[in-house]
1. For residue 6, all conditions in the list (1) open to solvent by 90 Å² or more (accessible area, probe 1.4 Å); (2) part of a helix (DSSP H, G or I); (3) at pLDDT below 85 hold save one; what is the number of the exception?
2. Go through (1) among the small types (Gly, Ala, Ser); (2) under 28 Å from residue 11 (Cβ atoms); (3) at pLDDT 95 or above for residue 70 and report which single condition fails.
3. Please indicate, with yes or no, whether at least one residue in segment 33-48 is among the polar types (S, T, N, Q) and out of contact with any Pro (no Cβ under 9 Å at 6 or more places or on another chain).
4. If I ask for residues that are crowded, with 16+ Cβ neighbours inside 10 Å and either without any contact (Cβ under 8 Å) to a residue 24 or more places away in the chain or more than 16 Å from residue 105 (Cβ to Cβ) (or both), which ones from segment 54-64 would you list?
5. Filter segment 132-144 for residues that are modelled with pLDDT under 60 and open to solvent by 40 Å² or more (accessible area, probe 1.4 Å) and give the result.
6. Is it true that residue 63 is modelled with pLDDT of 90 or more, over 18 Å from residue 124 (Cα atoms) and of a type in the set (D, E, K, R)?
7. Residues in segment 54-69: is at least one in a helix (DSSP H, G or I), aliphatic (A, V, I, L, M), touching a helix residue (DSSP H, G or I) at 6+ places or on another chain (Cβ under 9 Å) and under 28 Å from residue 131 (Cβ atoms)?
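The values are calculated or read from the model by the stated rules, or taken from the named source; none is laboratory data. No experiment lies behind these values; they were computed from the predicted model shown. Cβ atoms come from the backbone with ideal geometry, glycine included; neighbour counts cover every protein chain shown. To get the accessible areas, we keep the full protein, side chains included, count just its heavy atoms, and leave off ligands, DNA and RNA. Shrake-Rupley method; radii C 1.70, N 1.55, O 1.52, S 1.80 Å.
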Amino acid sequence: MNQQLPLYLPGALLGGIILSAFYVVVARKFARYETIILAGGLIAAALVYVVLGMGAASPQDARVGLLGLAAFGVMAIVGARWWPPLIGIGWLLHAVWDVVIHWPPKPWVPALYPLTCGAFDLLVAAYFLFLVTLGGSSRPEPPARASSRRS
């Protein structure tokens, strides 16, 4: 392993933190679609490893990437449609995926990408789980209906 790697670790983690903050701000800006944006991001995060491995990964690595894409895709779709906390759980599991499956990085994965992505995933998961589970729905409440009284 590269001896300079410890020097790059804070930058990799900080990069994940900054990117996740930007992503959350964008998702909040479109609050009506926030759940869909965060679910789509989970699918995109899984797709990154499939794209990175195209042509460079071994057949086993390609199968693992496609399996991850299928699993995280199902979590995102089911979470967006029926049970939103599943999206946050998916983001947590993707952080584990980054570190357990892709660390140390394979030759086809950029050196610090798993750590940057892991930090990103953890913060998005924490935000989403707080918002949905503790803070209420990520979707705005519909406006209250005015009651019609007949005099």
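1. In the conditions (1) open to solvent by 90 Å² or more (accessible area, probe 1.4 Å); (2) part of a helix (DSSP H, G or I); (3) at pLDDT below 85, residue 6 misses (1) alone.
2. Result: residue 70 fails condition (2) only.
3. No.
4. Let us first name the residues in segment 54-64 that are crowded, with 16+ Cβ neighbours inside 10 Å, namely 57, 61-62, 64.
62, the sole residue that qualifies.
5. If we filter segment 132-144 for residues that are modelled with pLDDT under 60, which is where we start, we get 136-144.
137, 139, 140, 141, 142, 143, 144, listed by residue number.
6. Taking the combined requirement at face value, the residue does not satisfy it.
7. The answer is yes, given that some residue of segment 54-69 is in a helix (DSSP H, G or I), aliphatic (A, V, I, L, M), touching a helix residue (DSSP H, G or I) at 6+ places or on another chain (Cβ under 9 Å) and under 28 Å from residue 131 (Cβ atoms).
Here is a yes/no grid of residues against (1) under 20 Å from residue 10 (Cα atoms); (2) in contact (Cβ under 8 Å) with a residue 24 or more places away in the chain; (3) open to solvent by 50 Å² or more (accessible area, probe 1.4 Å):
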{"position": "86", "(1), (2), (3)": "no, no, no"}
{"position": "92", "(1), (2), (3)": "no, yes, yes"}
{"position": "99", "(1), (2), (3)": "yes, no, yes"}
{"position": "105", "(1), (2), (3)": "yes, no, no"}
{"position": "111", "(1), (2), (3)": "yes, yes, yes"}
{"position": "116", "(1), (2), (3)": "yes, yes, no"}
{"position": "130", "(1), (2), (3)": "no, no, yes"}
